[in-house]
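> Dropping the structure in here first, questions after.
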C-alpha cells in the first residue's frame, strides 16, 4: 500500500534520514521505533508532503506521491496525527472534528457518520464537544487529534507518538483504541518510543537509529531481538 | 455639548475608516504573519480606481466602488502570488523588505499614471442632513453605516461559512491546517483578496471627505499598524475596537487639545500601549 524507496531528507547540511526503505501492506499495523531524533517524525513529514525528500521516492497504492502537495496527499488517503497534536486550540472540539473532514466537506451525511463514529470511539469528546480544544487535558487533546485525523477517513493513518506525555492508564486506553481502529479496517503506521506497548499491538516494526533503519522484522522477532530489548524495552 | 456630540460623530466616522483598513492588515498578519506595509498602497489605489472609473467612464459611485474592490482585491492576490508566496520559506525580514518595495513601486506607479496632484472625489451623497441635532453630510453617514455592514458581513463569513472557518483554522494553526488537507495556498490568496477589498472599500468611502493623492496611504497605514498593535496583532476585534479608539481620540484631541497635534495622538497611544500592555488589548484571543 505504502512504499518508501531509498528515502533521504536533509535539513540544510544535516541529513535527517538516509536511504530509508519501508513497506506497509493494506490492513497492517506497522510501528517505527527509535529514540528522539532518530528520524521517525521526519519520515512522517516526508510522507505527508510537509518536508520534501532530497532523494528517493514514496509510492502510495502504486503511484508516486512525492511531488504532491500536503492537501493532495490527505485527499489521496494518507492522514497524519502529528506529535504536537496541532489542534485548532481556540475552536471547539466539534469544530476541530468537522475541520478534520475538510476533504469530504461536500458530503454532509458522510461527515455526520464519521462524527458519530469518532464520538463512539471517544465518548469523552462528545461530552466536551462545545469546549475549546485548548481547554482539554493532554489525553483528551490526543484523542481529539486522533479523532480529527479519522474524520478525513484515511486509508492510511499515521500516528506520531500518541503516547507521549500521557499517564500510563491513558496510554493503555490509547493503544486499545489504535488497535480497534486497525481492526476496523484502517491501515496504521505508528511511531513510538514506547516499544513494549507498541509491539504488542503491531504486526511488524522498523527500528530507527540516527536516521537509518537498523533492524526490521515482525513484532515477535523484535520483541525477542536482544539489541531491541536492551535499547528500547529495558529487560 | 453640541461640539462634543459633533466630534464624537466625527470620531466614529474616522474610526470606521481606520477599522476597515486595520482589519485587512490584521487578517494578513494573523493568518500569514506578513506585516504588509504595502496595504497603504492598496488603499491609495482603491481610491484612484474608484475616482478614475467615475471620471473617465462616468460610472455610478457604487459601480465604481465595486470595480475598485475587484481590481484591488485581485492586485492583493497578485502580490501574494508574485512576491509573498515565493518568500514563504525565507526569513521574516524578507517579507518586510518586499512589502516596503511593493509600497514604493505602487506609489511611483500611481504618480506616473495619475500625476502627483491632489484630487477630490465627488459623491452623490453630498447633501447635509440633521440628525439628533447634529449637522452631518450623507457621505459621513454612509461611511459609518457602510463600515458596520462590511464588518458584520466579514464576521458572518468567517464564523458561519466553511470557507471562513478554514481561514480561522489556518490563523490558529498553520501546520494543523496542512494536516487536515486545507490548501494553504488558496487560503493565502483568499486572505489577500479580502484584505485588498477592505482597503478599496475604506478608500472609496472616505475619499469624498478627504483628498486623493499618491501619498494618501502613508499616514493611514502607519496608523493602521498602531491600531493593530493597540488591539493585538492579528486580532479581529482588536482591529475594530482599536480603530474606533484611535478615531475618537483623534477627533476629541483635535477639538480639545490642538488640531495641529491630531496625527501625533496615534503614536502617543502606541507608546502608552507598548509600555503598559505590549501584547495589545485582545492579544489574538478573538480569532
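> Scanning the range A:60-78 for residues that are in a loop (DSSP other than H, G, I, E, B) and under 15 Å from residue A:26 (Cβ atoms), which turns out nearest to the other protein chains (Cβ to nearest Cβ)? I'd like the intermediate steps shown before the answer.
Restricting attention to the range A:60-78, the residues satisfying the condition of being in a loop (DSSP other than H, G, I, E, B) are A:61-62, A:65-69, A:77.
If we keep only those that are under 15 Å from residue A:26 (Cβ atoms) too, we end up with A:61-62, A:77.
Values: A:61: 17, A:62: 21, A:77: 10 Å.
The extreme case among them is A:77.
> Taking only the range B:65-86 into account, find how many residues are more than 16 Å from the chain's Cα centre (by Cα) and crowded, with 22+ Cβ neighbours inside 10 Å.
Here the count works out to 3.
> Related question: Right, residue B:259: within 14 Å of another protein chain (Cβ to nearest Cβ) and out of contact with any strand residue (DSSP E or B) (no Cβ under 8 Å at 6 or more places or on another chain) or not? Steps first, please.
Numbers: within 14 Å of another protein chain (Cβ to nearest Cβ): no; out of contact with any strand residue (DSSP E or B) (no Cβ under 8 Å at 6 or more places or on another chain): yes.
The answer is no for residue B:259.
> Looking at (1) farther than 22 Å from residue A:178 by Cα; (2) surrounded by 15 or more Cβ atoms within 10 Å (Cβ to Cβ), which one does residue A:12 not meet, given that it meets all the others?
Failed condition: (2).
> Another question, if that's okay. Yes or no: residue B:24 surrounded by 24 or more Cβ atoms within 10 Å (Cβ to Cβ), at pLDDT below 95 and assigned to a helix (DSSP H, G or I)? Don't jump to the end; show me each part of the working.
Details: surrounded by 24 or more Cβ atoms within 10 Å (Cβ to Cβ): yes; at pLDDT below 95: no; assigned to a helix (DSSP H, G or I): yes.
Answer is no for this residue.
> Can you pull out the residues in the range A:163-188 that are closer than 14 Å to residue A:141 by Cβ and in a loop (DSSP other than H, G, I, E, B)?
Within the range A:163-188, A:163, A:164, A:165, A:166, A:167 qualify.
> If the requirement is being more than 14 Å from chain A (Cβ to nearest Cβ), farther than 30 Å from residue A:98 by Cβ and free of Cβ contacts under 8 Å to residues at least 12 places away in the same chain, which of these qualifies: B:93, B:102?
Numbers: B:102 fails: free of Cβ contacts under 8 Å to residues at least 12 places away in the same chain.
Checking each option against the conditions leaves just B:93.
> Can you give me the number of residues within the range A:40-59 that are more than 10 Å from every other protein chain (Cβ to nearest Cβ) and part of a loop (DSSP other than H, G, I, E, B)?
Result for the range A:40-59: 4.
> Which one of these is buried (at least 20 other Cβ atoms within 10 Å of the Cβ), without any contact (Cβ under 8 Å) to a residue 60 or more places away in the chain, part of a helix (DSSP H, G or I) and in contact with a helix residue (DSSP H, G or I) (Cβ under 6 Å, 6 or more places away or on another chain): B:280, B:247, B:253?
Working: B:280 fails: part of a helix (DSSP H, G or I); B:247 fails: without any contact (Cβ under 8 Å) to a residue 60 or more places away in the chain.
Result of the check over B:280, B:247, B:253: B:253.
> So which residues in the range A:189-230 are part of a helix (DSSP H, G or I) and touching a residue at least 12 places away in the same chain (Cβ under 8 Å), if there are any at all?
The first filter runs over the range A:189-230 and keeps only residues part of a helix (DSSP H, G or I), leaving A:195-201, A:219-224, A:226-230.
Once the filter is applied, which keeps residues that are part of a helix (DSSP H, G or I) and touching a residue at least 12 places away in the same chain (Cβ under 8 Å), the range A:189-230 yields A:195, A:196, A:197, A:198, A:199, A:200, A:201, A:219, A:222, A:223, A:227, A:228.
> With B:14, B:34 as the choices, which residue is buried (at least 23 other Cβ atoms within 10 Å of the Cβ) and not in a helix (DSSP H, G or I)? Quick ask: steps written out before the conclusion?
On the way: B:14 fails: not in a helix (DSSP H, G or I).
On inspection, the qualifying residue turns out to be B:34.
The values are calculated or read from the model by the stated rules, or taken from the named source; none is laboratory data. All values derive from a computational prediction rather than experimental measurement. Cβ atoms come from the backbone with ideal geometry, glycine included; neighbour counts cover every protein chain shown.
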